[in-house]
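Here's the structure, in structure tokens; my notes come after.
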Amino acid sequence: MTGSEETLSFRLAYVPGVTPTKWVRIWNERLPGIPLELVATPPAEAYDVLRDGGADAGFVRLPADRTFFSAIPLYTETTVVVVPKDHLFTAADEVSLEDLADEVVLHPLDDTLGWERPPGQPAFERPATTADAIELVAAGIGLLVVPQSLARLHHRKDLKYRTLTDAPQSQVALAWPEERTTDQVEDFIGIVRGRTVNSSRGRTQAPAPAQSKSKQPAKAGARQKPAARKPVGKGTRSPRGGSGAPKGAKRGKPRR
């Protein structure tokens, strides 16, 4: 298959908790000839997938290695604590880290908050994934602190979550290998940044050719330049009905 016959595509990685639906819809509307493939990626593997070429760009959680990746921060998530539905914390709207001091708090291996020291009392062992930790919370083994999107992703009727006021927060970004900033990556950056189809940096439409000055139609409402008036010549009547004689000329004496 030659280069001109090759079908272009765009692979977009995303970590749990991120919902790329809106951006994918806009891509399909603007670039229907370039298929977009979604690549679901565990948080710990997202940057390796991008580095190894498994995706062209991805929605990841910061921090990123800025010596290799370009990244556009998008939003910062609220941090929550997930508890059984009959837990005392469900009576409050917010919970503080100090409130967790005597609680067993699970710290899964795929944690996305980057704690210097996790809050509460450590569990006997660390769960492998956030999904495993959710199961342990439902079993009454401990509590779990996660970004709000992950609490929603793993929603269960027997669990509740409350805002944790003074905890670290997770920041979501669009990232890609800087040396592989392709045309498709630029197109997707434009979509994420909210650029319109007619944006000066967009590639989906070419600018209309400029008209030459000689062929440009007159603008509506523009005044036409008045034509120059013909000068009044010698011997002609003046506009006010005068004789038209030169100023200072002598008149003949009237006959008696």
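Quick notes
Here is a yes/no grid of residues against (1) out of contact with any helix residue (DSSP H, G or I) (no Cβ under 8 Å at 6 or more places or on another chain); (2) open to solvent by less than 40 Å² (accessible area, probe 1.4 Å):
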{"site": "V15", "(1), (2)": "no, yes"}
{"site": "A46", "(1), (2)": "yes, yes"}
{"site": "R66", "(1), (2)": "yes, no"}
{"site": "V83", "(1), (2)": "no, yes"}
{"site": "F89", "(1), (2)": "no, yes"}
{"site": "E94", "(1), (2)": "yes, no"}
{"site": "D99", "(1), (2)": "no, no"}
{"site": "V105", "(1), (2)": "yes, yes"}
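- Residue tally, condition assigned to a strand (DSSP E or B), of a type outside the set (S, T, N, Q) and either under 17 Å from the mean Cα position of the chain (by Cα) or exposed (fewer than 14 other Cβ atoms within 10 Å of the Cβ) (or both), over segment 70-81: 5
- The numbered conditions (1) over 20 Å from E178 (Cβ atoms); (2) part of a loop (DSSP other than H, G, I, E, B); (3) open to solvent by 30 Å² or more (accessible area, probe 1.4 Å); (4) free of Cβ contacts under 8 Å to residues at least 60 places away in the same chain are all true for E37 except (2).
- Test: residue in segment 95-107 that is in contact (Cβ under 8 Å) with a residue 40 or more places away in the chain, assigned to a strand (DSSP E or B), of a type in the set (V, I, T) and farther than 19 Å from L12 by Cα: yes
- Filter pass, S96 being closer than 21 Å to V39 by Cβ, of a type in the set (S, T, Y) and out of contact with any Cys (no Cβ under 7 Å at 6 or more places or on another chain): no
- Filter result (within 21 Å of the chain's Cα centre (by Cα) and either at positive phi or modelled with pLDDT under 95 (or both)) within segment 33-61: P43
The values are calculated or read from the model by the stated rules, or taken from the named source; none is laboratory data. Please read all numbers here as calculations on a predicted model, not as lab measurements. Note: ideal-geometry Cβ built from the backbone for every residue, glycine included; neighbour counts use all protein chains shown. With ligands, DNA and RNA removed, areas are computed over all heavy atoms of the protein, side chains included. Shrake-Rupley method; radii C 1.70, N 1.55, O 1.52, S 1.80 Å.
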